[in-house]
Each structure stands twice: as C-alpha cells, then as structure tokens.
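Comments concern the structure below.
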Amino acid sequence: MKNLVSAAAISISALALAACDNEVEEEVEEEPVAVSVDDENLYPIGGELNEDQQAAFDAMDRDAAIAEYDANRIVIEREEAEARSAASAESRSADTTATNSADTTSGDGAQAANADAATSKPLRPRSAMTFGWLDRNDDGKLSVAEYAIWALPTKPNPPEPNDQVGPHLTTDEINEAGTTFFYFDEDGDTYLSPAEFTEARNSGRYN
C-alpha cells in the first residue's frame, strides 16, 4: 500500500513539474526579442501623402528652405567647431602644468585646436540631434529646413573660392526631406511639433 501511495505521489509530482516546465516554455516564447539598432543610420520612413499633404508639399518654397538650411548649417558648424576647440584646449591644459598652460593657449596650442576643429566632423551624431537642438529659432516647432538637418544624410559642400556661401542641398534633397516632413505633419500646419518629430524619428525603427 505504501508503495502505491509513493508511486502516486511521484506521478503527481512529475505531472506538476511537467506543467511548470510548459508554463516556463510558454513565457519564454512570448518574450519579445531585443533587436540592436544603429540609430545613426535610421532615417525617416514615410508613406503616400494624402491630398492636403501633397498640396502642402507642392507649395513648399524650395529656394527659401535651402537658404534657411544653409544659414543654419553655417551657425551649427561654427558652434560645433568652437565646442570641439574648447574641449580640446581644456583637455590639453589638464595634462600640463600651470606654467606651460599659458603657452599652450597661444602658438602651437591654438594651432592644434584649429587643426582639431578642421579635421573633425562638422555635426554631432544624429542620435544627439534633439528637437530642441534642431529648433534653431526656438519657436517650439521645426521647419522643413530645421528638420532636414536630421532627416538627410548630407554633408556640407565647401563653397567655391569666389562664393561666400556654397549650396548645401540640391532640390532633390530638399524634396526628399519635404516628402517625409509633410507625411508626419499630421495637423497640416507646415511645421513639426515635438510629438510629430518623435513619430518621424521612430519611423525608421519600427518600419
């Protein structure tokens, strides 16, 4: 009798363990798989424009958008170069004595700082381009030109010797930015709000 009871207890325990194993397996299968994504290469993915969005895209002043983009890039490149030079000078001064620090900021030190600024990338990583940073005039919304700084994989074209400002964008490029810009402009005000920009930023990850 005792053997029968023991056998029954073992069988019940085995069934309970099997049930637990099945539950664990089911839970593991339901867990989403984490995917590693390179944010630097995630560009906005839009869709077909509706009638109103298409009308806004057609009415976009491309020359004005390119001019605004150029003006923004000039300011941004100067800001970034100055920040890199300041960081480089601070790093060098931390590694030298107080006596040599004064010499570093003039002559060879200044030349090295200028060299660092000239050889570094002109813009910060795209993942660090926040809405507030892109909003160059601090009006709480993004224009096509401000949005294009983040939305396009472009690099500045240096101006010709006799040109004060060289064109940074082509018409095709501003059209490319405009296509996704107006797709994410859900309220049709021809600007992107922080929420609309977030939708644009996330589109490359989830599409």
Query raised in the report: Is it the case that the stretch 106-116 has a residue that's at pLDDT 70 or above and either under 18 Å from Glu68 (Cα atoms) or touching a helix residue (DSSP H, G or I) at 6+ places or on another chain (Cβ under 8 Å) (or both)?
Result: no
Query raised in the report: Thr97 is checked against (1) over 26 Å from Ala67 (Cβ atoms); (2) at pLDDT 55 or above; (3) surrounded by 11 or more Cβ atoms within 10 Å (Cβ to Cβ); (4) not small (Gly, Ala, Ser) and fails just one. What number does that condition carry?
Result: (3)
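The values are calculated or read from the model by the stated rules, or taken from the named source; none is laboratory data. Given the structure is predicted, the values throughout are model-derived calculations rather than measurements. Cβ coordinates were reconstructed from backbone atoms using ideal geometry, including for glycine residues, and neighbour counts include every protein chain displayed.
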